[in-house]
Structure formats: structure tokens, C-alpha cells
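Coordinate-derived values only; no laboratory data. Bear in mind that the values here come from a model prediction, so they are computed numbers and not experimental data. Here the Cβ positions follow ideal geometry from the backbone for every residue, glycine too, while neighbour counts run over all protein chains shown.
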């Protein structure tokens, strides 16, 4: 595993080597969501679900996580919403990399969509 304190971290296992493709694929999925003209429709279509069942920011962050990790081989890395719900934390062992959601997606997580009460 990569040591957080190592000034020149190097990969030590297969999961470390897979980090770059994992991040790139998650970022590609988030980019599609950020660029969507209808975020709710994109989420519902790709996840085959109904946005009305996500009533809290935490639930919506989990929904975005599911969208971002769909069809991504995580190679042992785990993905969870960041504590502030503004990004996704990609972790393995003691090492974590955060990917920001972007304004539109973060606003969705915090407030939901205008069409849902």
C-alpha cells in the first residue's frame, strides 16, 4: 500500500496500480452527469430508479455514488461520499483520494431537484 507519509509514494500492489483507471472512469461518469441538461432524468435512466425515494442529502449522495461507480471495476478501492457530501472519497487501506462532484451535482445532493417536494 502507498504510505501517506512517503514523499515519493510508489505502487505496492495491484490495487495501487489500478488507482488511475479507477479515478478516470469515475470522473468520466461524473462528467456525464455534470454535463446533463436533466440531471434527474440521467440518474433515473441509468440507475433505473425513482428520485422521489431519495429524501435526504445522504441518500442523494449515495445515489450519485452509485451512478459514478456504475460499470467501473474498482479493483479493491472503495467509494463513499465525502463527509461534507461535496465529493466522493476513493479509498484503499490508509490512502484516500477525493473527487469533487461539481456545482450542479453538489446542489442536487444538498437540495434535491426542483420537481420533488
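Some observations on this one:
- Here 88, 33 are placed in order of increasing Cβ neighbour count within 10 Å, fewest first, which gives 33, 88.
- Relative contact order for segment 14-111: 28 percent, from Cα pairs under 8 Å spaced at least 6 residues apart, divided by residue count.
- Approximating the spin labels as points 7 Å out from Cα along Cα→Cβ, the residue 74-to-residue 59 distance works out to 2.1 nm.
- The label-point distance for residue 110 and residue 95, in a model that sets each label 7 Å from Cα toward Cβ, rounds to 3.2 nm.
- Likely footprinting exposure, 108, 67, fewest C-beta neighbours within 10 Å first: 67, 108
- Considering all different alpha carbon pairs of segment 14-111, the Kirkwood hydrodynamic radius works out to 13.5 Å.
- Taking the number of Cβ atoms within 10 Å of each Cβ as an exposure proxy, the fewest-first ranking of 111, 92, 75 is 111, 75, 92.
- Mean-position separation - Cα centroids, segment 50-70 and segment 76-100, in angstrom: 16
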